[in-house]
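Asker: Okay, handing you the structure first.
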Amino acid sequence: MALIPVRKLAILPFEGMAAPIVRQLAADLEARGAGVHIDAPVPLPAAAYVPARGQYRAEPLLALVTGYAPHVLAITHHDLFAGSLNFVFGIASPAGACVVSTARLLAGADEALFRTRLRKEAVHELGHTLGLEHCADPGCVMHFSNSLADTDRKSDAYCTRCAARLKARASRG
């Protein structure tokens with residue numbers, strides 16, 4: 001189980017995000033040591049939507065929530081893309097903000113698999129906010145997910161190396 005060394009994490013749903021999913025994610029992150037509170041939903045910036053793709057650009061969403069709180073995880077049910085990538089499960093900034101999309105995590109998933117995928121992607125993006133980069137260990141939650149198969153294959157925990165980096169960072173800060 002990944003321990004998340006964040007004492008105050010704001011979960012910020014974008015409008016339209018199902019409240020039960022947000023509450024379950026909050027409970028899953030609290031079980032991993034994060035101090036979580038859920039804030040009121042905020043509107044998605046219309047300018048971030050790209051009609052030709054039927055997706056939202058992730059970068060403006062991340063920019064919108066950066067600085068909202070020392071640590072913020074925004075969540076949307078809309079499909080996201082970033083840069084030259086066709087899609088992203090999430091995006092993060094070392095400034096303490098991240099955004100996760102549930103849109104692709106639902107594919108072929110029952111409730112338990114969807115919940116596991118969402119937890120993995122949230123823990124992954126939070127890892128980036130804490131200074132972790134992608135990890136070469138395919139079992140580590142910080143391993144890059146280029147597909148749902150990658151997400152399903154990795155665990156929801158930081159490998160020994162990534163956990164040590166988080167611990168060292170926490171002891172310095």
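The values are calculated or read from the model by the stated rules, or taken from the named source; none is laboratory data. Predicted, not measured: the structure shown is a model, and the values here were computed from it. Ideal geometry is used to build each Cβ from the backbone, glycine not excepted, and the neighbour counts take in all protein chains shown.
Asker: Inside the range 140-158, can you point out the residues that are outside any loop (DSSP other than H, G, I, E, B), free of Cβ contacts under 8 Å to residues at least 24 places away in the same chain and either closer than 14 Å to residue 126 by Cβ or not hydrophobic (A, V, I, L, M, F, W, C) (or both)? Write out each step before concluding.
Answerer: First, the residues of the range 140-158 that are outside any loop (DSSP other than H, G, I, E, B): 148-153.
Right, trim to free of Cβ contacts under 8 Å to residues at least 24 places away in the same chain and you get 149-150, 153.
Hits for the range 140-158 are 150, 153.
Asker: So in the range 72-92, with the set limited to residues that are at pLDDT 95 or above and not hydrophobic (A, V, I, L, M, F, W, C), which one is surrounded by the fewest Cβ atoms within 10 Å (Cβ to Cβ)?
Answerer: Top of the filtered list is 86.
Asker: Filter the range 102-136 down to the residues that are among the charged types (D, E, K, R) and closer than 12 Å to residue 152 by Cα, then identify the one that is surrounded by the most Cβ atoms within 10 Å (Cβ to Cβ). I'd like the intermediate steps shown before the answer.
Answerer: Taking the range 102-136 as the starting set, the residues that turn out to be among the charged types (D, E, K, R) are 104, 110-111, 115, 117, 119-121, 125, 133.
Checking the rest, the ones that are also closer than 12 Å to residue 152 by Cα come to 115, 117, 119-121.
Values: 115: 16, 117: 22, 119: 21, 120: 23, 121: 25.
Per the stated criteria, the residue is 121.
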